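Student: Here's a structure for you.
Coordinate-derived values only; no laboratory data. Being a predicted model, the structure only gives us computed values, none of them experimental. Cβ: placed from backbone, ideal geometry, glycine included. Neighbour counts: every protein chain shown.
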Ligand code: FES
């Protein structure tokens, strides 16, 4: 699906959303009631319910939003406001596999921009567009807290670490051909609709999926180890580029050395006993 054949809104009022077929409605309603029962207030169930309706159609349709509003006692405007705020909710039909290329700063400079450009050219689609066979939707994504594996590609929110334009091209070719692909870490890959149902809070029943680990990498854990005092013998505080490591505490400038009075420590009742802080006198007292 390309930008040219997307639904175009001219700001005209739309007809009410069509209802789900009776069988679909009954099934979704039973699932929705199970989700709602987990929360003390029903409106708190909105985010998982949006994932639930997304698991039915692969996106959050107007029908899905009307369904959520009805079950939660919200207006469709309130549901729409939430569904359009979070990028994990799609607003139109998309592919079985959402291929998200992280183009946030670190991944971008490590090759994310080059990967995204290569996939655009290879797939013949732009950002947030789907291949004609309905298999792959390509999109930019923001940082997924996997920077030590940059550049990162996510497929249906599973990690494919340390990618290159070549490996990412093989990845999308495998997805389109229906070949099995294994995420670098975490649970095995499933379709976008299946992922949406798991995100709605329903158990992932695939063997080994829950046990699969998607832990942080060594670079992320280095800071945690330092904070815990582990490996401190190897730890060094290094100065700016070209400076030798510091053995002495950094110099604390006196007030006169500050570039501006705004930078200097302010007087307090402790530092200026002749003008102790206290309640301000009312005029005339
Ligand atoms: S910048 Fe890409 S995962 Fe953080």
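Student: How many angstrom separate the Cα center of segment 80-138 from the Cα center of segment 160-216?
Tutor: One Cα centre to the other: 15 Å.
Student: Here's a follow-up. Across segment 16-85, what fraction of all alpha-carbon pairs, as a whole percent, falls in each successive 5 Å bin from zero upward?
Tutor: Binned Cα distances yield the sequence 3, 18, 33, 28, 15, 3, 0.
Student: Report Rg(Cα)/(2.2 N^0.38 Å) for segment 97-191, keeping two decimals.
Tutor: 0.95
Student: Please give, to one decimal in nm, the separation of the simple spin-label points placed at residue 161 and residue 173, each 7 Å out from Cα toward the Cβ.
Tutor: Roughly 2.5 nm, to one decimal.
Student: If the convex hull of the alpha-carbon atoms of segment 150-219 is projected onto planes in all directions, what is the mean projected area in square nanometres?
Tutor: In nm², the orientation-averaged hull projection of segment 150-219 is 5.3.
Student: Mind sorting 36, 141 by how few other Cβ atoms lie within 10 Å of their own Cβ, fewest first?
Tutor: 36, 141
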